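The values are calculated or read from the model by the stated rules, or taken from the named source; none is laboratory data. As the structure is a prediction and not an experimental result, all values here were calculated from the model. Cβ placement follows ideal geometry from the backbone for every residue including glycine, while neighbour counts extend to all protein chains displayed.
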Amino acid sequence: MKKFTSISDVADLDTLVSSALRYKANPFADKTLGSGKRIGLLFFNPSMRTRLSTQVAAANLGMEALVFNVGQEGWTLEFGEDTIMNGTTVEHVRDAAPILGTYFDFLGIRTFPSLKNREEDYSEQYLNQFIRYAGIPVVSLESATLHPLQSLADIITLTELMPAGRKPKVVLTWAPHVKALPQCVANSFAQWVTAWGKAELVVAHPQGITLDSAFTRGASVTHQQDEALAGADFVYVKNWSSFSDYGKIPDAHPGWMLTPAKLERTNRAKVMHCLPVRRNVELSSAVLDSPASVVTRQAGNRVWAAQAVLAELLKNS
Ligand code: CP
């Protein structure tokens, strides 16, 4: 593995999941693998889980992780080609990224989409310019369209809780939110579950709050949440804004919040969410605080996902 930005960078998902589960059983199995190596973690947006789980994972491998909250503390970066920089941006990524490439062995980047310009967001301009100019392997800590470390943790969680002897039904359901959120987690989850191939995936969302079909290929898509929930083994709850009416959520759809009554339709489903979650908006507290919720396990698995990916990069560096 030379970079980690999507499922396409993973040669063998089963091997990566097994590696993560080995680290979960024995966190310090490779405690000197990253000795003398450094990863820079650049955040253009806030984070708790991604930032801390990646730092813990690096420490478990003996690697130093340095965090830079670019969005709050750094110079405002310019990403446009041939821009006349007489506005608010101070430094071009073409100048900044190669410097980071001399400070670190690996670079992790978190960016979010604008949700205003679909072509620009889906071109992954920020991430790709770091890949192009840093000259060192790049790990996505969530990009404009995908969140691969989250998805790997999600697959690890599904693997741990798989029913014996059959393919589980996994439902990715849209949930209400107070603001329009990116499509990254939903895109990425659909992409990884279909590539994994060990579950039946159903995506449920209100009419118009679509995802890019490039990511949902291989899943069934429905606008009937109750039908989707029937017999589900796992329910992944997530808000996203529309791909087709880009960045918009035309209606609030409060009836799409997952409640205990809705959960009764499932096959005693485990409930997943990437967090942070808006209680009693996206997911009712009664569900979150019930034994059905596996969100803490899922977030805990972020460490083992990050550790497996960093170990793979270290072995290939
Ligand atoms: N799920 C996730 O990425 O959480 P953070 O935004 O806190 O990193």
Quiz item: Which residues, taken from the stretch 272-299, are in contact (Cβ under 8 Å) with a residue 12 or more places away in the chain, within 13 Å of the ligand (Cβ to nearest atom) and outside any loop (DSSP other than H, G, I, E, B)?
Solution: Met272, Val295, Gln298, Ala299
Self-check item: Residues that are closer than 13 Å to Pro113 by Cβ and touching a Leu at 6+ places or on another chain (Cβ under 6 Å), drawn from the stretch 141-179
Solution: Ser143
Quiz item: Of the residues that make up the stretch 160-181, is at least one modelled with pLDDT of 95 or more, within 30 Å of Ala97 (Cα to Cα) and among the hydrophobic types (A, V, I, L, M, F, W, C)?
Solution: yes
Quiz item: For the stretch 258-269, which residues satisfy the criterion of being touching a Lys or Arg at 6+ places or on another chain (Cβ under 9 Å) and either without any contact (Cβ under 8 Å) to a residue 40 or more places away in the chain or crowded, with 16+ Cβ neighbours inside 10 Å (or both)?
Solution: Thr266, Ala269
Quiz item: If we keep just the residues of the stretch 153-163 that are part of a helix (DSSP H, G or I) and more than 12 Å from the ligand (Cβ to nearest atom), which is nearest to Gln129 (Cα to Cα)?
Solution: Ile155
Quiz item: Which residue pairs have Cβ atoms under 6 Å apart, sit 6 or more places apart or on different chains, and have a first residue in the stretch 24-46 that is on the phi < 0 side of the Ramachandran plot and of a type in the set (Ser, Thr, Tyr) and a second that is modelled with pLDDT of 95 or more and not in a strand (DSSP E or B)?
Solution: Thr32/Gly62; Ser35/Gly62
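Given the residues Leu107, Leu115, Leu77, which is the only one that is touching a residue at least 24 places away in the same chain (Cβ under 8 Å), under 15 Å from Phe43 (Cβ atoms) and not small (Gly, Ala, Ser)?
The unique qualifying residue is Leu107.
Yes/no matrix, rows are residues, columns are (1) farther than 20 Å from Val193 by Cα; (2) over 19 Å from the mean Cα position of the chain (by Cα); (3) crowded, with 17+ Cβ neighbours inside 10 Å:
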site: Asp12; (1), (2), (3): no, no, no
site: Leu21; (1), (2), (3): no, no, no
site: Asn26; (1), (2), (3): yes, yes, no
site: Met48; (1), (2), (3): yes, no, no
site: Gly62; (1), (2), (3): yes, yes, no
Quiz item: Is it true that some residue in the stretch 218-225 is of a type outside the set (A, V, I, L, M), touching a Gly at 6+ places or on another chain (Cβ under 9 Å) and closer than 22 Å to Ser285 by Cα?
Solution: yes
Exercise. Would you mind stating whether Leu16 is of a type outside the set (Val, Ile, Thr), in the same structural domain as Leu127 (by TED's automatic domain parsing) and touching a Lys or Arg at 6+ places or on another chain (Cβ under 8 Å)?
Key: no
Practice problem: Restricting attention to the stretch 235-256, report how many residues are buried (at least 19 other Cβ atoms within 10 Å of the Cβ) and touching a strand residue (DSSP E or B) at 6+ places or on another chain (Cβ under 8 Å). | Solution: 7
Quiz item: Would you say Arg38 is in contact with a Leu (Cβ under 7 Å, 6 or more places away or on another chain) and of a type in the set (Lys, Arg)?
Solution: yes
Quiz item: What about Lys270, is it at pLDDT 95 or above and out of contact with any strand residue (DSSP E or B) (no Cβ under 7 Å at 6 or more places or on another chain)?
Solution: no
Practice problem: Answer yes if at least one residue in the stretch 298-317 is within 18 Å of the chain's Cα centre (by Cα), surrounded by 22 or more Cβ atoms within 10 Å (Cβ to Cβ) and over 30 Å from Phe28 (Cβ atoms), and no otherwise. | Solution: no
